[in-house]
Amino acid sequence: MGLVRRPWVGIVALAVLLGSAAGAYLLTRPRQPPVGTAVGLTAPNFALPDLQGRTFSLSDFRGRVVLLLFWQSTCPDCTVALPKLRDLWKRFQDRGVALVGVNLDYDERAARDYLSSHGYVDLLTLRGSYDAAMDVVGLLSVPYVPYCLVIDKRGVIRFAGVYPNFPTERDLTPWL
C-alpha cells in the first residue's frame, strides 16, 4: 500500500503553528495602559503648532522617547532647567530621544527672543496661542513650570517632575 499524499495536513499544521505563535504574542505583549496624566498611564494626545506654524501632535513622536518640557521665558527656574534638560537630550538624541518644549509665554516674541538669545535654535517649541498652550497644560495636569515628562516609545508617561526634580540619565535609559 503506497503513501497517500494529503497536502492539507501540512497546511493545517502550519495554521496551527502560526495561530499558536500569534496567540502567545497577544497574551504576552504589553497592554497599552489607559490614558491619564500619572506615571504609568498613556499620555493624552494633543496638537500644537511650532513657532514656524507647523503642527505637531504628541502621537507624531510614537516610537521615540520624548522629553516634554513646559516652560516660560520669564521663569527663573526655567532658565536653569532648560540648559540641563537640553544637555541630557543632546547626549541621547542619536538614540531617538526627542526634546519638545511647550512654551507658556503670553507673547510669542518673548519665547522667540529667549530661544534666539540663548542659542536654542534646535529646540522644537510648540505654542500656537497662549490659550492653546494653556489648554495642553490643563490636559496634562501641569502643576508648575518648569515641568518635564519622560514619555516612552509607546506613549506611556515614565517620569513627571517639577524642577529641581527633573529627569536624569537613569530616568531615561530604561526606555530607550
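Each value in this text was obtained by applying a stated rule to the coordinates, not by laboratory testing. It should be emphasised that the depicted structure is a prediction, and the values quoted were computed from it without experimental measurement. Methodologically, a virtual Cβ is constructed for each residue, glycine included, from the backbone with ideal geometry; neighbour enumeration extends over all protein chains shown.
Output the residue which, of all residues in the stretch 137-153 that are closer than 19 Å to A47 by Cβ and part of a loop (DSSP other than H, G, I, E, B), is nearest to the chain's Cα centre (by Cα).
Filtering first and then ranking leaves L140.
Looking at the stretch 155-172, which of the residues that are in a helix (DSSP H, G or I) and in contact (Cβ under 8 Å) with a residue 24 or more places away in the chain is nearest to R91 (Cα to Cα)? Talk me through it step by step, then tell me what you get.
First, pick out the residues of the stretch 155-172 that are in a helix (DSSP H, G or I): 169-172.
From the residues that got through so far, the ones that are in contact (Cβ under 8 Å) with a residue 24 or more places away in the chain too are 169, 172.
Numbers: E169: 9, L172: 11 Å.
Per the stated criteria, the residue is E169.
Provide a single number: the residues in the stretch 97-154 that are at positive phi and either free of Cβ contacts under 8 Å to residues at least 40 places away in the same chain or buried (at least 16 other Cβ atoms within 10 Å of the Cβ) (or both). Walk me through how you get there before you give the answer.
Step one: filter the stretch 97-154 for residues at positive phi, giving 119, 128, 141.
Add one more test, that the residue is either free of Cβ contacts under 8 Å to residues at least 40 places away in the same chain or buried (at least 16 other Cβ atoms within 10 Å of the Cβ) (or both), and what stays is 119, 128.
Total satisfying the criteria: 2.
Would you tally the residues in the stretch 59-87 being crowded, with 21+ Cβ neighbours inside 10 Å and part of a helix (DSSP H, G or I)?
4
For the stretch 135-154, what are the residues that are farther than 11 Å from L67 by Cβ and in contact with an Asp or Glu (Cβ under 8 Å, 6 or more places away or on another chain)? Before the answer, list the steps.
From the stretch 135-154, those farther than 11 Å from L67 by Cβ are 135-147, 152-154; that's our starting set.
Within the stretch 135-154, V145, P146 meet the criteria.
Quick one: in the stretch 110-125, which of the residues that are of a type outside the set (D, E) and under 18 Å from A98 (Cα atoms) is farthest from the chain's Cα centre (by Cα)?
So, considering only residues that are of a type outside the set (D, E) and under 18 Å from A98 (Cα atoms), the one farthest from the chain's Cα centre (by Cα) is G119.
Of everything in the stretch 71-96, what is without any contact (Cβ under 8 Å) to a residue 24 or more places away in the chain, charged (D, E, K, R) and under 13 Å from P167 (Cα atoms)? Give them in sequence order.
D87
Need pairs with beta-carbon distance below 7 Å; first residue farther than 16 Å from D131 by Cα and within the stretch 45-57, second aromatic (F, W, Y); sequence gap 6+ or separate chains.
Note: pairs meeting the criteria are S57/F46.
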